[in-house]
Structure formats: structure tokens, C-alpha cells
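Structure first, then comments.
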Amino acid sequence: MQTLKVCASCAICCCALFAHGARGADCFVDDDATGNNDGSSWADAFTSLQSAVGNPGCTSIWVAAGTYIPSAVRIPGGDTEPGGLTFDMSTGRNLYGGLAGTEDPATFDLSTRDFVANETILSGDTGVPGVPTDNAFHVVSGWNVFFVLDGFTIRDGNATGDSLGDKRGGGIYLGDVSSPSIANCVIKDNKSVESGGGVFAFDHSHPTFVDFLFDGNQTQPGESSDGGAVGATNDSSPDF
């Protein structure tokens, strides 16, 4: 078994603005929108990111600044408690955050986004607000898929479940030959019992990271704990 580990608890940064294969939006998400909630424009944006991710008509999704909580059950018929909820990217969507919610997709250049002013947070705080022990095991997850995650802060995942998989990858959990592009993202304050507090990849998964920051991700001390930022096994090889 091949295991890759990157730092038990540390900050790792690589910075230079990048937008991977960006194109116009099919759907819009804004947690403050008050329109028809159909994703067709900023005014009528979905207020739930999961609604867009699960919509077959949404391929390229633009997401306005705000905090979004996962609501999909990671395994069909599985744990519906707060820990078992995730943003399931197995539908293969391309997500772009860091937006104010006013940009015209016909003319706006995604490389000019202000990620500080328009921070777009994917938070694992699925249970009692501010109580980390009932947070999502994996904020984002994907199986056998390519997707784009560009311009987000992924935080507060808590991979402390009973199964081996739910002890890894508090921020992002990838399996079965998943090769997402993760760009312009901050992955912070995620925890796991074992490998990959921030990100865990297994079974021939090859995520690519460009313009990223890992900060404050941790694994619990112990012989089987490694890779506070990133862990990988079973012929998986993250590309930085």
C-alpha cells in the first residue's frame, strides 16, 4: 500500500491566480437571493448549493459570497445525521466561488475575482452551530468523477466517524479514480482521526491543486495518524 502524507498540522500555500477551463454559468447560487429559486439568474438564484449540484441542467455553477452547508446524504440510504451530510460532487459539476452575485457571465473575467471581499465558504457545520463534534465527516466528497472546485474556503469538516472512511478527509474525501481540479481554494480547520485532515484521496485518485492554502488542518495523534493537510493511499497521487 502506498501512502502519501503532507504535514501533520501545518499551513501550505501556493499562490498565483488561476481559473481552470472557466466558461459562462449555467446556474447561479446565492444564499441571499429572494427570486424564483430556480438558478436561472442572480436574481432567481438557488439559495441552496446542493440544489444546483444535484440539478442535471447545471454544469457550470457560479456561487455568490456566503456560507453554504452540505445537505446531501453521502451514501444512499446511509447516515442522515449531521455527520453523514456532504456536498456530493459525483455529479461532475464545475463550481466557481468568490463572486459578488452581480457579475454578468457574458463579460466577466473569472480571473479578476476578489476572494477576500467575496469569500465563499463551504462549511461542515451541519449540526449545532459552533459545536464541531457533530460536524460533517466530509464537507466535499466525490467518487469516480472529474469536477472543478474554484474559489472556495472549505472548512470545519470533522472526520471522526466509526467507519474507516469516515475517519479520513474532513475537508475533501475522494475515491474511485476521482481527479478534480481544485484551484483558488483555502482548506482550513478540518480534522480527521486518521489520514488527511484537509484532503484524503484513495483508489487511483489524482486531484490537482493550483493556487491553494492549507491551514490548521489536523489529524489526531496516534500511530495511524498522518497527513494533517493531505493524505493519499492505494496508488493515489495529488499533484501540487
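The values are calculated or read from the model by the stated rules, or taken from the named source; none is laboratory data. As the structure is a computational prediction, the values presented were derived from the model and not from experiment. Here Cβ is always computed from backbone atoms with ideal geometry, including for glycine, and neighbour counts include all displayed protein chains. Just the protein is used for accessible areas: all its heavy atoms, side chains included, with ligands, DNA and RNA removed. Shrake-Rupley method; radii C 1.70, N 1.55, O 1.52, S 1.80 Å.
How many residues are under 16 Å from the mean Cα position of the chain (by Cα), free of Cβ contacts under 8 Å to residues at least 60 places away in the same chain and surrounded by fewer than 24 Cβ atoms within 10 Å (Cβ to Cβ) when one looks only at segment 133-152?
Summing the residues that are under 16 Å from the mean Cα position of the chain (by Cα), free of Cβ contacts under 8 Å to residues at least 60 places away in the same chain and surrounded by fewer than 24 Cβ atoms within 10 Å (Cβ to Cβ) in segment 133-152 gives 5.
In segment 171-191, how many residues are within 10 Å of the chain's Cα centre (by Cα), open to solvent by less than 10 Å² (accessible area, probe 1.4 Å) and closer than 13 Å to residue 86 by Cβ?
Taking segment 171-191 and keeping what is within 10 Å of the chain's Cα centre (by Cα), we get 171-173, 182, 185-187.
Remaining after also requiring open to solvent by less than 10 Å² (accessible area, probe 1.4 Å): 171-172, 182, 185, 187.
Remaining after also requiring closer than 13 Å to residue 86 by Cβ: 171-172.
Total meeting the criteria: 2.
Taking the condition of being free of Cβ contacts under 8 Å to residues at least 24 places away in the same chain and either among the polar types (S, T, N, Q) or closer than 18 Å to residue 71 by Cα (or both), how many residues in segment 93-127 meet it?
The number of residues fulfilling the criteria is 2.
Assuming residue 222 fulfils every condition listed in (1) outside any strand (DSSP E or B); (2) modelled with pLDDT of 90 or more; (3) not basic (Lys, Arg) apart from one, which condition is it?
Single failed check for residue 222: (2).
Yes/no per residue for (1) at pLDDT 95 or above; (2) in contact with a strand residue (DSSP E or B) (Cβ under 8 Å, 6 or more places away or on another chain); (3) among the small types (Gly, Ala, Ser):
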{"site": "164", "(1), (2), (3)": "no, no, no"}
{"site": "179", "(1), (2), (3)": "no, yes, yes"}
{"site": "193", "(1), (2), (3)": "no, yes, no"}
{"site": "196", "(1), (2), (3)": "no, yes, yes"}
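Among residues belonging to segment 26-58 that are without any contact (Cβ under 8 Å) to a residue 24 or more places away in the chain and within 18 Å of residue 86 (Cβ to Cβ), point out the one that is surrounded by the most Cβ atoms within 10 Å (Cβ to Cβ).
Result: 46.
For segment 59-90: of the residues being assigned to a loop (DSSP other than H, G, I, E, B), over 18 Å from residue 129 (Cβ atoms) and at pLDDT 90 or above, which is least open to solvent (accessible area, probe 1.4 Å)?
The qualifying residue least open to solvent (accessible area, probe 1.4 Å) is 89.
Out of curiosity, is residue 54 at pLDDT below 90 and farther than 29 Å from residue 215 by Cα?
Values: at pLDDT below 90: no; farther than 29 Å from residue 215 by Cα: yes.
No; evaluated as a whole, the condition is false for this residue.
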